[in-house]
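The values are calculated or read from the model by the stated rules, or taken from the named source; none is laboratory data. Keep in mind the model is a prediction, meaning the values are calculated, not measured. Please note: Cβ atoms are built from the backbone with ideal geometry, for glycine as well, and neighbour counts cover all protein chains shown.
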Number of protein chains: 2
Amino acid sequence: MNEVAASRRQHGPGASRNYPKGERRRAQIIEAAFTAFGTVGYRNASMLQLAAACGVSRAGLLHHFPTKESLLEAVLEQRERRDDERFFGTGEATRDGLEYFASMLRLVAHNQDHPGIVSLFALLSSEASAPDHPAHPYFVARYERARCAMQSAIDDLAHRGLLRPHVDPVGLSVDLLALIDGLQIQWLLSPHDIDMPERLRARLRDIIKVELP
Amino acid sequence: MNEVAASRRQHGPGASRNYPKGERRRAQIIEAAFTAFGTVGYRNASMLQLAAACGVSRAGLLHHFPTKESLLEAVLEQRERRDDERFFGTGEATRDGLEYFASMLRLVAHNQDHPGIVSLFALLSSEASAPDHPAHPYFVARYERARCAMQSAIDDLAHRGLLRPHVDPVGLSVDLLALIDGLQIQWLLSPHDIDMPERLRARLRDIIKVELP
């Protein structure tokens, strides 16, 4: 479990009143927040408008999420947990480099069908570079974890002799994560001109000796 | 001149009253907007707060920039013009591929000393992916121009036999622009861990046969 999830489960309201209706409402609020944060950004999203979009009162919203920060944490935590479950199994960094990059390709292909997710993370990760942004520690830690997991995968490939001879594995995780993020920006602006999984696959073909599934 | 500059010179107030005091004030407002847009984003920046930060009245601000959109255009146009003048000479895409990438390295090194610029573009380019954002057309066109200029530089290198044998030049401009953008996100979050010009230089070394100055 990541630190955001831990924080939510410790402090979050609703955790102690785990009945279906409350859970459905909670999920509905997270969904609306997801859309709002991904469209106008976190700072510009309004709790009042979110409440209205979900058909709840301000008090009803605050029952589930007493602060805007707690709602942001819930959105980020849910997203990361879902991605981990769907693409990386247990959420632990897989040790098999080929499996890791095959999963990464599937994740990027999945994202290309879900512009809302991409837009949310593109906008929030930029906004959160301000040290006073409530998601700043989350994004700093998220990228550290991502670099670490990817570098393990690259080291595994290097160890097995699966990297092409011209490839320098040092710092490669920084570059590949940057490529993925940067492709998102161009794709969001020109979705018909940019094919994210195709570009990532081409780059991985230039790095790894065997073709990924 | 790009389309934003053209639009400003055609419609912008202040252009017809080009006296030093007005120009100084105009420059001061652009500077304040630059900081605000790069910190809280365009949507969240307030014209009233901007006026206060510059010590002008709301009417004084509106004399120079009748809308928030016109101020955004002025900020973006000034940034791009300065970068073009400083790093790419006349603003036309240079035909010499080595010169182009040497300039790009200098630009990225310059940006690493100016987090405000990086943060402005990272945040605005994400925000502007929403089709109703006033800077949406600007950013779509900006990336198209950037891909086109970089692809010309790559084609020049290919033509002169300066690309390493493993390099596929098709789509490489998309990847390299993505790398530059993605490095900015990681660097803004962890400035002490990420060295943008070093990473770009390493990538270019893997692509181009000769060392860039």
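State the number of residues belonging to segment B:30-43 that are free of Cβ contacts under 8 Å to residues at least 12 places away in the same chain and out of contact with any Asp or Glu (no Cβ under 9 Å at 6 or more places or on another chain).
Residues in segment B:30-43 being free of Cβ contacts under 8 Å to residues at least 12 places away in the same chain and out of contact with any Asp or Glu (no Cβ under 9 Å at 6 or more places or on another chain): 1 in total.
For residues in segment A:32-86 being away from chain B (no Cβ under 14 Å) and in contact with a Gly (Cβ under 6 Å, 6 or more places away or on another chain), which is farthest from A:Phe139 (Cα to Cα)?
A:His64
Kindly evaluate B:Arg95 against the criterion of being part of a helix (DSSP H, G or I) and more than 14 Å from every other protein chain (Cβ to nearest Cβ).
When the stated conditions are applied, B:Arg95 does not pass them.
B:Ala135 passes all but one of (1) more than 15 Å from the chain's Cα centre (by Cα); (2) buried (at least 19 other Cβ atoms within 10 Å of the Cβ); which number fails?
Every listed condition holds for B:Ala135 apart from (1).
Got at least one residue in segment B:80-98 being buried (at least 21 other Cβ atoms within 10 Å of the Cβ) and either more than 30 Å from B:Thr35 (Cβ to Cβ) or modelled with pLDDT of 90 or more (or both)?
Yes, because at least one residue in segment B:80-98 is buried (at least 21 other Cβ atoms within 10 Å of the Cβ) and either more than 30 Å from B:Thr35 (Cβ to Cβ) or modelled with pLDDT of 90 or more (or both).
What do you reckon, is A:Leu123 in the same structural domain as A:Gly38 (by TED's automatic domain parsing) and of a type outside the set (Gly, Ala, Ser)?
no
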